[in-house]
Structures are given as C-alpha cells and as structure tokens.
Amino acid sequence: MTSLLVLLQAAASMAWGYLGAAVGAGLATIGAGIGIGKIGQGAMEGIARQPEAGGTIRSTMIIAAALVEGVAFFAVVICFLIAVK
C-alpha cells in the first residue's frame, strides 16, 4: 500500500513526467538502433551465403528497417507529447 502511494506521489510531480518521457524516448531510440543493427547483420550474413539473392535480401532489409524506424519515431513522438502535456 505504501509503495502505491509513493508511485502516485511521483506520478503527480511534473518533473518525474519529463524524466519519464526523456527515458522513454531514449529507450525507443536505442531499441530502434539495436533492431536495425540486427536487421543489417542478418542481411549481410544472408548476402554472404547467397550472393545471387542480394537484391531481394537488400530490398527486404530496407522495408524492415523502415518499419522499425517508423515504430521508433512513433514512440519518440508519444514521449514528447507526454512531456509537453
């Protein structure tokens, strides 16, 4: 019960809201960087194993990276909207 009260008091403070939004935006950016890195790693390994499939793998990699970047951008925008409010 006391931990719930502490969390509610922390949520009521605007400084904690700004800090949470900043941490959320940072985590979204770090997650997108890791995800795009893993996509690139997999694509390079696939192209190294089958060079003739390079064009198909490259186009699929670009689409997947764009989707990951879109989700990260959406998360960062939501965090900034929370910080402004």
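Between ILE30, ILE36, ILE62, which is under 11 Å from the mean Cα position of the chain (by Cα), surrounded by fewer than 14 Cβ atoms within 10 Å (Cβ to Cβ) and assigned to a helix (DSSP H, G or I)? When all the criteria are applied, what remains is ILE30. On inspection, GLY24 passes the criterion of being surrounded by 14 or more Cβ atoms within 10 Å (Cβ to Cβ), in contact (Cβ under 8 Å) with a residue 24 or more places away in the chain and in a helix (DSSP H, G or I).
In the stretch 31-56, the residues that are in contact (Cβ under 8 Å) with a residue 24 or more places away in the chain form Cβ pairs under 9 Å with partners that are β-branched (Val, Ile, Thr) and open to solvent by 90 Å² or more (accessible area, probe 1.4 Å), at six or more places apart or across chains, as follows: GLY31/VAL71; ALA32/VAL71; GLY35/VAL71.
Out of the stretch 66-84, which residues are free of Cβ contacts under 8 Å to residues at least 60 places away in the same chain, over 24 Å from GLY40 (Cβ atoms) and not β-branched (Val, Ile, Thr)? Before the answer, list the steps.
Going through the stretch 66-84, the residues free of Cβ contacts under 8 Å to residues at least 60 places away in the same chain turn out to be 66-81, 84.
Next cut, over 24 Å from GLY40 (Cβ atoms) only: 77-81, 84.
Answer for the stretch 66-84, where residues must be free of Cβ contacts under 8 Å to residues at least 60 places away in the same chain, over 24 Å from GLY40 (Cβ atoms) and not β-branched (Val, Ile, Thr): CYS79, PHE80, LEU81.
The values are calculated or read from the model by the stated rules, or taken from the named source; none is laboratory data. Everything numeric here is computed off the predicted structure, so don't read it as measured data. Using ideal geometry, Cβ is built from the backbone for each residue, glycine included, and neighbour counts are taken over all protein chains shown. Surface accessibility is based on the protein's heavy atoms, side chains included, excluding ligands, DNA and RNA. Shrake-Rupley method; radii C 1.70, N 1.55, O 1.52, S 1.80 Å.
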